[in-house]
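J.: There's a structure below that I have some questions on.
The values are calculated or read from the model by the stated rules, or taken from the named source; none is laboratory data. Keep in mind the model is a prediction, meaning the values are calculated, not measured. As a convention, Cβ positions derive from the backbone with ideal geometry for all residues, glycine included, and neighbour counts pool all protein chains shown.
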Amino acid sequence: MEVFTRWRTWDAARADLESSGDGVGRDGARFDLAALAAAVDAARRWHGDQRRPTGAPYVEHLLEALEVLARGAGVTDTAVLSAVLLHDVVEDTPATLADVEDAFGPEVTELVDWVTKPPAGGAGRQAKRAAKAAYLRRLRDAPPKAILVKLADRVSNVQQLDRMPPDFQRRYYAETVTYIVPLAEPHPWFAAWYGEWREAFSHLR
C-alpha cells in the first residue's frame, strides 16, 4: 500500500509537479501551478494555525490529499485539485461558500459544497454521528469529480490509521469500508488502493 506523505510543503509539491514530465500529467494535460498555488495560499490563510489530531500543521493533510490525486491517481483537472486543497475551509474555518466562489469560481465551489459536512442537527455524540452518516450516504449522489475529492481526503486520513487511538481506528475503519470504499469502485486506481488498505488494516474488522 503506497503512503502519500512526500509533500509536506507547497514548495515540495510544486517541485514534484514541475519535474513530472515538465509539468504534464499522465493524461497529457498540464498542471495549472498558478491556480494550485492560489488555492494553497487561500487554504493556509483560512486554516491559520489549525493542527491535525497528530499535531501536524493542517496544511499537510491538504497537501497529502493533493499528492494522492496528482501523483497517485494521475488527476490533472484544476477544479478537482483546487477543491481538494479547499475541501475543509467551509466546514472548519470562517470561510463561506461565497468566499470560495469569489476566489475560485462556481465549479470549485460546487465540489467543496458536496464534501462539506453540514452542522449536526442537535447536541451530543449521537446527533453528530447521525448527521455524519447522513452526509456520507448523500455522497452516493455526488458528481464524479466531488467523489474524487472525497476519496483523496479519506486516503490521507486513513493511510496511517494506526497512529490514531484504538477506539477511533475501529470506528473509522468500519465507516470507511461502509461508506467510502463503495465510492471507489468506478475509479480503478482508488479501488486498488482501498483494496490494499483494507488488507493492511484487516485486523480492525
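J.: Residues that are in contact with a helix residue (DSSP H, G or I) (Cβ under 9 Å, 6 or more places away or on another chain) and of a type in the set (Val, Ile, Thr): which helices (runs of 4 or more DSSP H) entirely in the range 1-106 hold 2 or more of them?
T.: Numbers: elements: 10-19, 33-47, 58-67, 78-86, 89-92.
It comes to 78-86, 89-92.
J.: Could you pull out the residue among Glu101, Glu110, Glu64 that is among the acidic types (Asp, Glu), touching a Ser or Thr at 6+ places or on another chain (Cβ under 8 Å), buried (at least 17 other Cβ atoms within 10 Å of the Cβ) and modelled with pLDDT of 95 or more? If you could, list the steps in order and put the result at the bottom.
T.: Details: Glu101 fails: buried (at least 17 other Cβ atoms within 10 Å of the Cβ); Glu110 fails: touching a Ser or Thr at 6+ places or on another chain (Cβ under 8 Å).
Sole residue among the options that is among the acidic types (Asp, Glu), touching a Ser or Thr at 6+ places or on another chain (Cβ under 8 Å), buried (at least 17 other Cβ atoms within 10 Å of the Cβ) and modelled with pLDDT of 95 or more: Glu64.
J.: Still on this model: Starting from residues that are under 22 Å from Glu60 (Cα atoms) and at pLDDT 95 or above, keep the ones in the range 115-143 and report whichever is surrounded by the most Cβ atoms within 10 Å (Cβ to Cβ).
T.: Taking the range 115-143 and keeping what is under 22 Å from Glu60 (Cα atoms), we get 115-117.
Pick out the ones that are also at pLDDT 95 or above and you get 115-116.
On the way: Val115: 23, Thr116: 17.
Across the range 115-143, the extreme among qualifying residues is Val115.
J.: Among the residues that make up the range 56-77, is at least one of them over 22 Å from Phe190 (Cα atoms), under 13 Å from the mean Cα position of the chain (by Cα) and among the hydroxyl-bearing types (Ser, Thr, Tyr)?
T.: yes
J.: Further question on the same structure: For the range 173-200, which residues satisfy the criterion of being surrounded by fewer than 19 Cβ atoms within 10 Å (Cβ to Cβ) and either among the polar types (S, T, N, Q) or not in a helix (DSSP H, G or I) (or both)?
T.: Thr178, Glu185, Pro186, His187
J.: Given the condition among the polar types (S, T, N, Q) and at pLDDT 95 or above, answer yes or no: does some residue in the range 43-51 qualify? Give the steps one after another, and end with the answer.
T.: In the first step, residues of the range 43-51 are kept if they are among the polar types (S, T, N, Q); the result is 50.
Keeping just the survivors that are at pLDDT 95 or above gives none.
No; the residues of the range 43-51 include none that is among the polar types (S, T, N, Q) and at pLDDT 95 or above.
J.: Now for a different question. All but one of (1) modelled with pLDDT of 95 or more; (2) out of contact with any helix residue (DSSP H, G or I) (no Cβ under 6 Å at 6 or more places or on another chain); (3) surrounded by fewer than 13 Cβ atoms within 10 Å (Cβ to Cβ) hold for Asp162, so report the exception by its number.
T.: (1)
J.: Given (1) farther than 24 Å from Gln50 by Cβ; (2) surrounded by 22 or more Cβ atoms within 10 Å (Cβ to Cβ); (3) among the hydrophobic types (A, V, I, L, M, F, W, C), where does Val84 come up short, assuming only one miss?
T.: Of everything listed in (1) farther than 24 Å from Gln50 by Cβ; (2) surrounded by 22 or more Cβ atoms within 10 Å (Cβ to Cβ); (3) among the hydrophobic types (A, V, I, L, M, F, W, C), Val84 misses just condition (1).
J.: Restricting the range 119-169 to residues that are of a type in the set (S, T, N, Q) and in a helix (DSSP H, G or I), which is farthest from Tyr194 (Cα to Cα)?
T.: Within the range 119-169, the subset of a type in the set (S, T, N, Q) is 126, 156-157, 159-160, 169.
Among the residues that remain, those that are also in a helix (DSSP H, G or I) are: 126, 156-157, 169.
Values: Gln126: 28, Ser156: 12, Asn157: 12, Gln169: 16 Å.
My answer is Gln126.
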